[in-house]
1. Which residues in the range 26-70 place their backbone N less than 18 Å from a point set 7 Å from the Cα of Asp128 along the Cα-to-Cβ direction?
2. Under a crude label model (7 Å from the Cα following the beta-carbon direction), how far is Lys2 from Glu144 in nanometres?
3. I want to make sure I understand the PRE zone here: with the label point 7 angstrom from the Cα of Arg161 toward its beta carbon, which residues in the range 1-21 have backbone N atoms less than 18 Å away?
4. Can you tell me the dipole magnitude for the chain around its Cα centre, using point charges on the Cβ only (Lys, Arg +1; Asp, Glu -1), in Debye to the nearest 20?
5. Among 112-124, 89-101, how do they line up from the highest to the lowest mean number of other beta-carbon atoms within 10 Å?
6. Where does helix 9-19 land angle-wise versus the long Cα axis of the chain, in degrees 0 to 90, nearest 10?
7. Straight-line reach from Lys9: which aspartates and glutamates have Cα under 17 Å away, leaving out those fewer than 8 places along the same chain?
8. Taking θ as phi - 60°, what are the ³J(HN,Hα) couplings along the range 139-146 by the Karplus curve (6.51, -1.76, 1.60), each to the nearest whole Hz, with x for Gly and Pro?
Amino acid sequence: MKKAVYGDKKIVIDILTKSFDTNQSVNFIIKQDQNRIHRIRALMDYSFDMCFSFGEVFLSDDKNACALILFPDKKRTTIKSIIWDIKLIWNSVGVANIGKALKRESEIKKLHPDELMYYLWFIGVNPDSQHKGIGTRLLNDISEDSTLTKRSIFLETSTVRNLPWYKKNGFKIYHELELGYKLHFLKTDKLPQRLTV
């Protein structure tokens, strides 16, 4: 695993756009029209900028997987972040979905614990490279990094087929939220030494 540089942004956005094309949670807030893929790209662009500024962006060594980590306690409102928010609304969410998106984010934040978080916002593997252990190796490296920061990893997923993988690798469900789809909240308190494929 390596820290991404800003020049890696297109690679990261490409991986995440492909990985989250059919994701229920992403498509819940994205305006559903003929520009849907462009709107997912805009969400990933926003997420990259937020994590690059207030967290970490990691790439697998082969650049086929990536992860966006946010440290919520380090997030600040700046002129740049306000511009990013406006672009997210305009290019991704759509004005008509603002209320729905804000309500969902408010409900999610209420369920986050009051502690320093290593928030795994997005992790994705290029679809052509999935099921080869790349994602597990990346998650293993993320686990080691979170140990260094003395923070537990937190994430949400709406992808039920990923739950066994997360559980196998030391995560447990600590809450579920019904939003018209089920959003599963996971965390790992005691980080495993090495994760399993």
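Readers should treat all values here as calculations from the given coordinates under stated rules, not as data from a laboratory. All figures in this text were calculated on a predicted structure; none of them were measured in a lab. Positions of Cβ are generated from backbone atoms using ideal geometry, with glycine treated the same way; all protein chains shown enter the neighbour counts.
1. From the range 26-70, the list is 60-66.
2. 1.6
3. Residues 16-21 fall inside that zone.
4. Numbers: 32 positive and 23 negative charges, 19 e Å.
About 100 debye.
5. Values: 112-124: 18.2, 89-101: 15.2.
Top of the packing list down: 112-124, 89-101.
6. Computed tilt is about 90 degrees.
7. Asp45, Asp49, Glu56, Asp61, Asp62
8. 3J(HN,Hα) across the range 139-146, in whole Hz: 4, 4, 5, 5, 4, 5, 5, 5.
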